Amino acid sequence: MLLVTGATGHVGGAALRTLATRLGADAVVGLARSAQRAGRTASGGAAFRIADYRDGAALARAFEGVTGLLFVASDGAGRDVVEHHANVIAAAAATGVEHIVFTSIVDIAATSPFYFAAVYRDAERRLVESGIPWTILRCGLYADLLLSNWLAPARISGVIDVPAGAARVAPVTRDDVGAAAAAALASGRHRGRIVELTGPRAYSFEELADVAATRFGVPIVYRPCAPTDYLLHCWASMPDPWPHAYSTMFASIAQGRYASTSSGVLDLTGRQADSLEALLTTAPP
């Protein structure tokens, strides 16, 4: 039996539906934090088990009989996410899970300024030390996040004003990450490997503005701002921990940590990763 955590989210949901279609709905289950959330999710016919990342005993019950686990990383305040990751890995080890595919990030370096770099570095360390065969998927910046947080709002403001400098990013869609993760779990052939998942092209933020302007049919420009001004803007519009998370993410981007491209999606799924332009074709005009 395979299990997908975070199955009510974008990446986990895409992976669950892919696995249910490929292997049959009886071969895979999703994990949700509540029955209400599970009931609102299209699962391709797969059943759900219920457990919160904070509840180690519930996780252990949910993992009974599971041989392969797609561990979609948690989200939220860093301290909480460290606990969530630790609980999932401990429960998997205690119940005899034979393979874990974990969705990490490309930027886990000790020198990174990113708020979540240490969080994911800790999770990777715990996973490697658990003794469970693992596959780590290090994901680039999600194209969907880029669209919803910066490109789509620029349709109204006409400006992408972030502290990215002249850096480039190679955004990857959440659907591609879900498909790649499902393939890695179903095949089991990539144990002990770290695979980077990015989009096929790295864009400067000027190019991102041009792509968005073309798609939305309005003038959009990139106007780099000071990191402190961006943090002030985030404080005015976001709850914690997101002002610190996003401002430090752009500090990491400005250092070029999200600029590389990889063939990871192609290697795992057999098809090229979608471009940002392809994602934007599905966005409302």
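Values in this text are rule-based calculations from the coordinates and carry no lab data. Just so it is clear, the structure is predicted and the values come from calculations on it, not from any experiment. Note that we place each Cβ from the backbone using ideal geometry, even for glycine, and neighbour counts take in every protein chain shown.
Just name one of Thr8, Tyr53, Ile108: the one whose Cα is farthest towards the positive end of the charge dipole of the stretch 3-121 (beta-carbon charges, Lys/Arg +1, Asp/Glu -1). Checking the options against the dipole of the stretch 3-121, the answer is Thr8. For the chain, relative contact order (Cα pairs under 8 Å, six or more residues apart, normalised by length) works out to 18 percent. On the beta carbon distance between Ala278 and Glu64, with R0 = 30 Å, the FRET formula returns roughly 0.15. Rounded to whole numbers, the Karplus 3J(HN,Hα) couplings from phi for the stretch 262-267 are 9, 9, x, 4, 4, 4 Hz, using 6.51 cos²θ - 1.76 cosθ + 1.60 with θ = phi - 60°, and x at Gly and Pro. Each Lys and Arg Cβ is given +1 and each Asp and Glu Cβ -1; about its Cα centre, the stretch 174-285 then shows a dipole of about 380 debye.
Between amide H atoms placed 1.01 Å from N, distances below 5 Å from Ser130 occur with no residue 5 or more places distant or on a separate chain. For the stretch 50-145, relative contact order (Cα pairs under 8 Å, six or more residues apart, normalised by length) works out to 29 percent. Between Thr111 and Ala35, what FRET efficiency follows from the Cβ-Cβ distance if R0 is 45 Å, with the result rounded to 0.05? The formula returns an efficiency of 0.55 here.
Dipole of the chain computed with +1 at Lys/Arg Cβ and -1 at Asp/Glu Cβ about the Cα centre; of His85, Ala183, Ser262, farthest Cα towards the positive end is Ala183. Computed from Cα atoms, the angle from the helix 174-187 axis to the main principal axis of the chain rounds to 30 degrees. For the Cα atoms of the chain, what angle does the longest principal axis make with the long axis of helix 10-23, in degrees from 0 to 90, nearest 10? That helix lies at roughly 50 degrees to the long axis. Between Thr135, Thr198, Thr95, the GNM of the chain built on Cα springs shorter than 10 angstrom shows Thr95 fluctuating the most.
Backbone phi angles across the stretch 200-206, fed through the Karplus curve with coefficients 6.51, -1.76 and 1.60 (θ = phi - 60°), yield HN-Hα couplings of x, 9, 9, 10, 6, 6, 5 Hz in residue order; Gly and Pro are listed as x.
Working note: Karplus 6.51/-1.76/1.60 with θ = phi - 60° gives the stretch 96-102 the couplings x, 4, 9, 7, 10, 9, 10 Hz, where Gly and Pro are set to x. If the segment from Ala90 to Val218 were pulled out straight at 0.36 nm per residue, it would be longer than the present Cα-Cα gap by 41.0 nm. Placing unit charges on the Cβ atoms only, positive for Lys and Arg and negative for Asp and Glu, gives the stretch 33-136 a dipole magnitude near 280 debye about its Cα centre.
Taking every DSSP beta bridge with both residues inside the stretch 135-217, roughly what % is antiparallel (nearest 5)? Percentage antiparallel, nearest 5: 25. The mean sequence distance of close C-alpha pairs (under 8 Å, at least 6 residues apart), as a share of the length of the stretch 180-285, puts its relative contact order at 44 percent. Taking amide H as placed 1.01 Å from N in the peptide plane, the amide H of Phe48 sits under 5 Å from that of Gly30, each at least 5 places away or on another chain.
In this structure, the amide hydrogen of Thr135, modeled 1.01 Å from its nitrogen in the peptide plane, lies closer than 5 angstrom to those of Ile100, Val101, Phe102, Gly192, counting only residues at least 5 positions away or on a different chain.
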